[in-house]
1. How far is it, in nm, from the label point at A:Glu155 to the one at A:Leu74 when both lie 7 Å from their Cα along the line to the Cβ?
2. Compute the signed sum of charges (Lys and Arg +1, Asp and Glu -1) over the other residues within less than 11 Å, Cβ to Cβ, of A:Pro719.
3. Within 10 Å of each candidate Cβ there may be at most 10 other Cβ atoms; applying that plus a DSSP loop requirement, which trypsin sites (Lys or Arg not before Pro) in segment A:446-511 survive?
4. Go ahead and run the numbers for FRET between A:Glu102 and A:Asn205, Cβ-Cβ distance against an R0 of 51 Å, rounding to 0.05.
5. Given H placed 1.01 Å from N in the peptide plane, which residues other than close sequence neighbours of A:Ala561 have an amide H under 5 Å from its amide H?
6. Is there a simple number for the mean count of other chain Cβ atoms within 10 Å of the Cβ of residues in A:107-114, and what is it?
7. For A:Leu286, what residues show an amide H to amide H distance below 5 Å, using hydrogens built from the backbone and excluding near sequence neighbours?
8. With both bridge residues required to lie in chain B, what share of the DSSP beta bridges run antiparallel, to the nearest 5%?
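Throughout, read-outs are computed from the coordinates displayed, never taken from laboratory work. Everything quoted here is computed from the prediction, not taken from an experiment. Cβ atoms come from the backbone with ideal geometry, glycine included; neighbour counts cover every protein chain shown.
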Amino acid sequence: MSTSADQTPATTDLVTVTIDGIETHVEQGTLIIRAAEQIGIEIPRFCDHPLLKPAGACRQCLVDVASPGPDGNLRAFPKPQASCTMPVTEGMVVNTQNTSEEAERAQKGVMELLLINHPLDCPVCDKGGECPLQNQAMSHGRGESRFVDVKRVFEKPLALSSEILLDRERCILCQRCTRFSQEIAGDAFIDLQNRGAMQQIGTFNEDVLGFDGYGPVGAAAEDETGNAFSSYYSGNTIQICPVGALTSASYRFRSRPFDLVSSPGISEHDSSGSAIRTDHRRGKILRRLADNDPVVNEEWVTDKDRFAFAWQNLADRITQPLVRKDGELVEASWPEALAAAAAGLTAAIGKTGTPADKKAKGVGVLPGGRVTLEDAYAYAKFARLVLDTNDVDARTRWSSDEEQAFLGASVAGTGLGVTFAELEKAPTVLLVGFEPEDEGGVVFLRLKKSAGRQKVFTVASHLSRGPEKLGATLLPAVPGHEASVVASLKGAKAAYKDLRAPGSIIVVGERAAASPGTLTAVEALAKRAKARVAWIPRRAGERGAVEAGALPGLLPGGRDAAVTAARNAVAKAWGASSLPNTKGRDADAIIAAASAKALDALVIGGVDDSDLTEDLLKAITNAKFTVSLEVRRTAVADAADVVLPVAPPSEKSGTFVNWEGRLRAFGTAIHTDAMSDHRVLDLLARQLGTDLGTATVDAINAELASLGAAATSHRPKAPAEPTPAAPKKSGGTDGELVLATWHQLVDEGALQDGEPYLAGTGRMAVARVSPATAEALGLHGVITVTAKRRGAIDVPVAVTEGMVDNVVWLPTKSPGSWVAQQLGVQPGDTVVVKGAAS
Amino acid sequence: MTDLTPVLSATWGLDRSWNFDTYAAHGGYEAATKALTMDKADIIQAVKDSGLRGRGGAGFPTGMKWGFLPEPDGGPRYLVVNADESEPGACKDVPTMMASPHTVIEGMIITAFAIGCDHAFIYVRGEVVHVYRRLMKAVAEARDNGWLGKDIKGTGFNLEITVHAGAGAYICGEETALLDSLEGRRGQPRLKPPFPAVAGLYARPTVVNNVESIASVPPIIAKGVDWFASMGTEKSKGMGFFSLSGHVKRPGQYEAPLGITARELIEMAGGMREGHELKFWTPGGSSTPIFTDEHLDTPLDYESVGAAGSMLGTRSLQIFDETTCVVRAVERWTHFYKHESCGKCTPCREGTYWLELIMRRLEAGQGTMADIQQLLDTCDSIAGRAFCALGDAATAPIISSVEYFREEYVRHVTEGGCPFDRAAAALFDYDSAPEEAHA
């Protein structure tokens, strides 16, 4: 039997093949089409895609092949072969369209057939100008069609989802989209339907097919939104479509590819640092695409990375500084706004030179989790050097001191740690407080690549769709008590045995911070199983903020702010005599202190108050003075005293540090006069009499490089939080349940504003409880969840098999379920659940 | 004159020939009884030595196909009987399963035993509900009589047979599309390799055999290799069904040694209908290039038919007399291939669509001389380019009919219509028949 195409070739086995007279040596198992690429010979193709399994469907890549028979003499195959499905063998001789008339005739024939039913609507087609079919028809096709009959037509477009539209008459049925959905995303929501000339891509919609009584079955039925094709990765199908059959609602008919300027960039939506391409025209972003980065995101991005960019340029974009006068925010010049901000902060830090200075209570700084490394560094330095405080925390989410110790000891300044490639190759992966699809985006795709070859365990309240697609085993945990589950992994436990396979990885998410003892337990488990740990937060700026020291107890490079030598090293580099040595407050404490008037002022970056359990707006109201550095007129900006406009990611350059610890530098896509946070802070510091030295990205990076990573003795000690006692049995008839919650990938996060087509693909907000809990509390239909604060959440209940009892899961920020704002609780807290009033 | 050799059809004339008792009373299950005492390798060797070649059309040696299975690894191995008979003109497997389903089941028992399979499947085309029912009944009878289930006849051999009804697609006669369909997927051919012998049903080693091939196994075991090999020609041994249909006096199944000629078969069928003469015929169903009267003495074995420019295929002889318009006949076949194209690959999906449009135009007298060339050019873009053999099949009747009857295509163009009287070719009262029959 010949080698199957998907076997991993051994690197040492090179075979010799001659293509168009050029002899080359390639790894065994290489497909002819790939071998040809290696020596610069392009064979036309449509269905072939290097990241998808071979299909051999379009037949465009036919070439003449001869290979040695048992007697050693070359024997030609009687007919042209599809070069995208046939692996090379020793001594094979291939003649492509360049050297074989038969191959050229075969390709021209297939091209003619592809075009007989393809509309000649290139002038209005989104793909026109960047279309493989158009290009290859020009290079390998006939000038004029011999087809004189009526072309096949379909009603158009067919909405596969609110975002993805399908023009079936343009489709050449290469099946790249269906193969992507099945093989890469694991979301087989679209497939071929009907047959022959009426074959088409679709979502099993009986209204389209005219079937009677056929509904979605299998994976397609599991999409509880009721929307078809609600995959988090559906946008990739548009990009790999070799014709204009798949388009997005947001880009369709908006532009011609040759009018666009393309700028490479890095996505601001998650901590993966996916490479993207921003296509813009006259300063306006028209679309974003995945860029090819084999070590990070390969050729894929999430739909959020691709479609969520409108937020940067909505009507509430701030372009001029605002200063509060007579209770109203009014536009002001930069000098005026900087002076006002400086005055307010000077008073708060007690540097006015008046007796009031004695009562000054200082300033807290909240940079937010979406800043670049350079911005985070500027906030960290601004707090210490200008505001003389350690009250700075970029973690505007659930956090803890234990987490800070973990980050300082094991994450900050450790450089490139676990990588995407290592995650893909790991024999066993344990997920702790981490949802690969909802919170990881392309991390899920890497794990999916190894599905079936890799053992996955997840410590969670239930098996959500992502881990389920990975074939993961649930290690059920009551939220807040993940530590005891992690600690129990030892001895003869199956998960522990598997985790001891060399190369295994423990992935821990940012939610672990909300569960006392978990990070301590993870470190201990890693030590005993000899596994490695990857910390994968959600937001793009989290890792950079840790590196830059934008945490209360951490200085740049993982230095412990409480260690004098570490502090002095940084002070020396910054040209300061000393740095503040008071213990800094974390974000929650900063907000609470401001609310309690224990802090006078706040400097706030990109923080959305609705993401916080603490009441940030109340803190701003109670604080004497607030400076907001914002892109948009948010509730925070509206409440501030001075608002300094800053640039959104597409209008600035900088670096996101992704969860691997990889520096993901990006340049400015669209040049405007908007300034980055670090530049604004540099100006503000100057106004306050300090040269912060953060005016440019280059200056900051030079400084960061000279600081380097902390010596072990300068780092915080690894956390030693005890594992809390087993949870007491609760969930009686009083309806008290423990809350589990995380963000779904497509939800109502602020960076998804202004993109209704994307929002339409989000999953419906449901509450999840176990069958026993639903039974005990009589939960069905719409249920009401309440907690200590504010409002109530009314969502339909979805009874979930295999879920831990006495727990209710809610999406953190999906339509109708804003947990932080409405309930003011975090995972592990108790909420009250009641069935619908009958 | 070659004699008919009724072997599989020997019991068809008996009262309730499909019942277990009738079958058993006439030597049924003797071969299985014998096989279960034999060494597995000996059974495979016997089938190899007999020279039995696949009766589903391709003619691949059956024993060699079994021999391709890898060594047992403890996991399941499957036998799948291809009973998706759908080729226009083919009508041999359906009567076999109707008249003597136990021949098939006995063949499956022997084959499954030989290849180490304990779960076998019959994939029967869904349209023939009566056959489906009869197979289910026969399987139940075989089980009641101890021929299926656990520890068959005390030998320790276990076998289950599942009868599966397809949903009506010609492509599912292609063995890998059949396997996908049997697994509950969309029936489209798979990429090969891996071949079914290595990774077939549920990615396990699988043998896929035609009904007639499997039914031929019991007589080989019971009567011996020499008996089987004494029939037929040097490389095409044994007997087989020749299915005659069309303008002959007695259409039907003629079980005869391979190598018999069409002239002999037509004579056995009582000759052409009264007052008419042969115009063209298919040796193996619509997928094989047509023959004319000059091929009447070509021995109907794999080699001779191949040498004469066609294929033995399923030995389905559709016989047309001089009243038949070849353009219309080919147009009907082309419609079939367009309708049955699975859509997976470009040449077949788009090509058959185009071919049908041109054929329709020509038959309606609206074609041009350029259309005749376009037909051949389009066929050239399909044949040898498609993913599976269905694409090649669609071009066979067109290319061969233009070769032999180009002047008839030309007449359709120059006369601006079909020169034939449809009613004259019909074997029914054409004028009073419903509209659908006028296609």
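1. Rounded to a tenth, the inter-label distance reads 5.5 nm.
2. Values: positive: A:Lys717; negative: A:Asp401, A:Glu402, A:Glu403, A:Glu523, A:Glu721.
That works out to -4.
3. Values: sites: A:Arg446, A:Lys448, A:Lys449, A:Arg453, A:Lys455, A:Arg465, A:Lys469, A:Lys490, A:Lys493, A:Lys497, A:Arg500, A:Arg511; in loops: A:Arg453, A:Lys490, A:Lys493, A:Arg500.
Counting only loop positions with at most 10 other Cβ atoms within 10 Å, the trypsin sites (Lys or Arg not before Pro) in segment A:446-511 are A:Arg453.
4. Working: r = 43 Å, r/R0 = 0.83.
With R0 = 51 Å, the Cβ-Cβ based efficiency is 0.75.
5. Placed amide hydrogens put A:Leu554, A:Leu555 under 5 Å from A:Ala561.
6. Values: counts 2, 1, 12, 9, 2, 7, 14, 4.
Across the residues of A:107-114, the mean count of other-chain Cβ atoms within 10 Å is 6.
7. Residues meeting the amide H criterion: A:Asp279, A:His280, A:Arg281.
8. Numbers: 16 of 37 bridges.
Looking only at bridges with both residues in chain B, the antiparallel portion is about 45 percent.
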